[in-house]
Amino acid sequence: MAVKTPASGTKTPDSTLKKKSQGKQIDLDTDNLAHDVVLLHDEEHPDYLDGIYADEEGQLDPDLEDADPDLEALTPVPGGPLPGPLPGPFPNPLPDPRPRIPGRLPGRVPGRIPGWRPPLNFCSAVSGTYSYSSPFRPTPIRPLPQPLPHRFPLPVPSVPARPARPAGPFIPLPLISIKVRVDVDRFFPQNRISIEVNRRFPFSSAHAIAEVTNDRCLGWNKRRVEGNITYRDGNSSLIQGDRVIFEAARGVGFGYGDFKLTLITAGGSRRSYNLNFDSQHFDEVEFEVDRVSNAAAPTTTYDIGSHHNRPANLPAENISLQTVYERAGFGVSMSPNTSVIPTSGAGGNSTWSDAEMHNAMVTYWSRFQNRPQWALWVLFAKRHDQGRGLGGVMFDDIGANHRQGTAIFTDSFIQDAPAGDPNAAAWRQRMVFWTAVHEMGHAFNLAHSWQKSLSHNGGDPWIPLANNNEARTFMSYPFRVAGGENAFFSDFRFRFMDEELTFMRHAPRRFVQMGNEDWFHNHNLEQDEQHSHTTEGNFNLEIRPNRSENSYQFLEPVSLELKLSNKTDQALEVDHDLLEDGRHIALFVQRKEGKTRKWRALSSHCHETKAETLNPGDAIYGSHLISASTDGWTIDEPGFYNVQAVVDIDGEIVSSNVLKIFVNPPVSKEESRLAPDYFTEDVGRALSFAGAPSLDQANDVLRDVVARCAKNPAARHADLALSAPMLRDFKVLNGAADKVDLGITSIKAKIDQGSKSQIAALVNDPDNAADTLGHIRYYGMLDQLATALSSAGDERGSNRVLKSAVSSMKTRKVLGSVIKSAEKKISGK
């Protein structure tokens, strides 16, 4: 999420480049960047696809064969004129054979070409957004027949008259709305058609994505695109069918005017919808750029030709933040409401924390709201609290609405051009610009290109993506690829890679929209069991419960173990505490068909680095209670859950298997009644820390669990959390509310009372204790109990605990090295 400094920079080869732009020769061997280089028209860019020609099987529309069109009415882009002018008429006949250019068109649609007419087998671009609404219209009321005349007048009932219907036209209520996104041309086409359906009553929604299998031009601006649905989300009954056909045809004149979507089921039944063209963009978004007063001026543009290190066929043009995201498919507007944030009241504190930036966003962003919206705040600040090693950050993961704010730090490593670079100013501007686009990409819920698996969790909201350390995308780090920053920019086309564009353009919009799904939720989330282990690399990571069934009782905390093994034929070194300290682990929990939540350890330990050598096949282990996290409980409802862990080992991202677990519904009224008080932050802390005497309310709840739900495994966890602090003197911080008279006091140990509860929970029923606690946590608690008894002079009791541990270990086939360690403690007494 943050851009951090590389371990070392790479030098750019000393050279000088001159380029032509606008017919002028510009010397780039200077810090003065060229300001007369303008943005290319879309049709002039080599990465832009104007449309397609008919293939060999395509049939031309006979109505156009002998037409003498008014070329001024030609509209190759819905809603826009053909770049021109294109004078006519053109001489006959067409060359034989007629020119057919498959795929990409090199530049603009041709203008006047001597010797032949404009090709009548060309279909211009159709990519963009289309919509359909079905109005609800009331059944017309037929007039009542007139009564027959009577000889005598009938009495008139004394009832109030019905109020007259208000004058004016009937406004239909759209019950079904459909949004269609077609992505087959323009910049970086992904060959997808996505369909979004919303039903107002009863409310329901659905989303589907089809991969294009056939795209044909059947005549001048008569295009047919077919695809098969490969992804669904929501109520699938709203989008009935497996095949999709999108058709665009001429309306009045030669431009597109008629659009139709057809859904075809496996049985061949069809349902068609006439569409309206909305926009050539997939969504509209607004960026607001603000600056802290002591920071450098914001960098929102970059002249690609200003630095010699770029792809040879990438044209020189002056791109902006707006350009990048428009080519990614968004209609971008830049907010005029920019602000300069004063620092006069900050004193000597000129650096920024994430919380301070969030507060600044709330105060200074003109569009700030605690709700999802297509809007993003970009802050240029001087430096983060972490120092010059942090170049940028998507800081907004505070509160209910994430991904609304990013920051770029102008006094950071992104200003450190390599020594000897022939154009240091261009290098710096490119790096700051790249950082800004990169951090803004996180706000669209994009992960780093080499960390896609960090968001895998075994669910099925999105399409699986593999890590890509070498991707030339804004979401890579230039200095992480082979060959470093030089190699990256020599082959970087200032774009997002295809998988990211597919996500941004076609994923369910709640996955992408700012302030909607939480950061790293519902992005690249599915991983099939057969692909759940990393296929390349040096290590294998396994997550497991160490119990016979992956089934838990309601209220029972879930403890899982991690095993990292060396799968190479060579000895490797790893940090001894890699799986225990919580700093290197990302763990994701998803309730089936629900939100994905990222588990974070309630404490992160900064251990002294201690390398451990893993011989081939050797492993290290770790254990965590994953039910409770820093932002609440991750497992607090009955149902199925998917759990996956990811660990970062010196840049190698290793993902685990996907573990599926089931939480049973409550079996008693007592469990249901205790749930609201049990699933709280303080109870989660008390269980995770194995006791917290100062959390009075949490301890009262745990006592209730022991008393009222004795048969539930949660009672064992509660009893251990209540009794563990009794095994030693426990320090607490006391003082007045104003924190003036603070002091540390100690709660004296109660070894007899505490050990009695611990022995009942751990020793008297070892199998069930090991099942619910997990091997590592269970044997750690036994060792802690034995040590406490030994320190109190009860060697007999200590030996009894250790012998029980050894017996249980042998029964459960624990590692021999762990058993030997326990036996050594017994023999040493």
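Just one of (1) in contact with a Ser or Thr (Cβ under 9 Å, 6 or more places away or on another chain); (2) open to solvent by 80 Å² or more (accessible area, probe 1.4 Å); (3) at pLDDT 80 or above; (4) of a type in the set (K, R) fails for R796. It is (1). When the residues of segment 799-827 are narrowed to those that are of a type outside the set (D, E, K, R) and more than 27 Å from K563 (Cβ to Cβ), which ends up modelled with the highest pLDDT? Only one residue fits best here, namely N799. Scanning segment 387-397 for residues that are modelled with pLDDT under 80 and touching a strand residue (DSSP E or B) at 6+ places or on another chain (Cβ under 8 Å) gives G389, L390, G392, V393, M394, F395, D396. The set of residues in segment 197-221 being assigned to a strand (DSSP E or B), touching a residue at least 60 places away in the same chain (Cβ under 8 Å) and over 18 Å from T129 (Cα atoms) consists of R216, C217. Selection of helices (runs of 4 or more DSSP H) fully inside segment 610-708 by the criterion of at least 2 residues being surrounded by fewer than 19 Cβ atoms within 10 Å (Cβ to Cβ) and modelled with pLDDT under 90 returns 681-688. Considered as a group, the residues in segment 745-775 that are of a type in the set (A, V, I, L, M) and within 16 Å of S548 (Cα to Cα) include one that is surrounded by the fewest Cβ atoms within 10 Å (Cβ to Cβ), and that residue is A769. Would you call V663 in contact with a helix residue (DSSP H, G or I) (Cβ under 9 Å, 6 or more places away or on another chain) and not basic (K, R)? Considered against the rule, which asks whether it is in contact with a helix residue (DSSP H, G or I) (Cβ under 9 Å, 6 or more places away or on another chain) and not basic (K, R), V663 comes out as no. Output yes when any residue across segment 498-517 is surrounded by fewer than 22 Cβ atoms within 10 Å (Cβ to Cβ), of a type in the set (S, T, N, Q), in contact with a Pro (Cβ under 6 Å, 6 or more places away or on another chain) and modelled with pLDDT under 85, and no when none is. Within segment 498-517, one or more residues are surrounded by fewer than 22 Cβ atoms within 10 Å (Cβ to Cβ), of a type in the set (S, T, N, Q), in contact with a Pro (Cβ under 6 Å, 6 or more places away or on another chain) and modelled with pLDDT under 85. Only a single criterion out of (1) at pLDDT 80 or above; (2) part of a helix (DSSP H, G or I) is not satisfied by P418, namely (2). For segment 318-325, the criterion of a residue being more than 29 Å from the chain's Cα centre (by Cα), open to solvent by 20 Å² or more (accessible area, probe 1.4 Å) and at pLDDT 90 or above is satisfied by at least one position. R224 - would you say it is farther than 16 Å from I178 by Cα, open to solvent by 20 Å² or more (accessible area, probe 1.4 Å) and assigned to a strand (DSSP E or B)? It is true that R224 is farther than 16 Å from I178 by Cα, open to solvent by 20 Å² or more (accessible area, probe 1.4 Å) and assigned to a strand (DSSP E or B).
The values are calculated or read from the model by the stated rules, or taken from the named source; none is laboratory data. Nothing here was measured: the structure is a model prediction, and the numbers come from that model. Neighbour counts are summed over all protein chains in view; Cβ atoms, including those assigned to glycine, are modelled from backbone coordinates with ideal geometry. In case anyone asks, the SASA skips ligands and DNA or RNA and just uses the protein heavy atoms, side chains included. Shrake-Rupley method; radii C 1.70, N 1.55, O 1.52, S 1.80 Å.
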